[in-house]
1. Rounded to the nearest 0.05, what FRET efficiency is calculated for residue 134 and residue 82 with R0 set to 22 Å and r the Cβ-Cβ distance?
2. In deg cm²/dmol and to the nearest 500, what is the mean residue ellipticity at 222 nm of the chain if only DSSP H runs of at least 4 residues count, each as -39500 (n - 2.57), divided by the residue total?
3. About its Cα centre, how strong a charge dipole does the chain have in debye, to the nearest 20, once Lys and Arg get +1 and Asp and Glu get -1 at the Cβ?
4. For the chain, restrict the atom set to alpha-carbon positions and state the Rg and Dmax in Å.
5. What figure, in Å² to the nearest 10, do you get for the accessible area of residue 76 with a 1.4 Å probe and non-protein molecules left out?
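The values are calculated or read from the model by the stated rules, or taken from the named source; none is laboratory data. All figures in this text were calculated on a predicted structure; none of them were measured in a lab. Don't worry about glycine lacking a Cβ; one is built from the backbone with ideal geometry, like all the others, and counts go over all protein chains shown. Quick note on the areas: whole protein, heavy atoms, side chains included, nothing else; ligands and nucleic acids left out. Shrake-Rupley method; radii C 1.70, N 1.55, O 1.52, S 1.80 Å.
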Amino acid sequence: MDPSNVAAQHLILLVDDAEDCLSTLDLALGSLPSVVVRAARTAEDAVSFLATAAGYATNISAVVTDIHLPRMSGLELIAHIRSQPRWQGLPIVALSADTDPDTPQRALRLGADAYFPKPFSPGAVRKKLEELIHA
């Protein structure tokens with residue numbers, strides 16, 4: 001995952017441990033013009049990718065993360081991203097099958113820009129990302 005090869009494109013980092021979710025989002029987002037999709041299976045992998053990509057911050061356009069991930073949760077990932085000054089404005093979309101009614105508000109309070117319950121509409125996630133990226 002070398003972020004340097006995506007100059008002049010929008011890179012969207014997908015963070016989910018479920019292959020079907022990654023595939024669905026990759027299909028929905030991959031057809032957008034100038035969009036490159038990268039996947040991370042864990043929040044730790046996402047943090048590593050963001051650290052590696054720090055020199056290419058303008059190329060990373062958004063993060064889409066599941067809330068329930070092994071070890072570090074998506075909520076912890078959102079908090080970590082928001083704690084980094086260089087990522088303060090990075091759009092974050094949270095996804096979850098969590099039935100806890102407080103989960104959407106927790107994700108938004110921590111800094112997510114949008115929340116979608118699973119199962120989600122790939123078209124709705126795509127539309128929201130287009131809005132966030134081009135805002």
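1. It comes to 0.55.
2. Theoretical 222 nm ellipticity from helices: -11500 deg cm²/dmol.
3. In debye, rounded to 20, the chain gives about 380.
4. Expressed in Å, the Cα Rg and Dmax of the chain come to 13.4, 40.
5. 100
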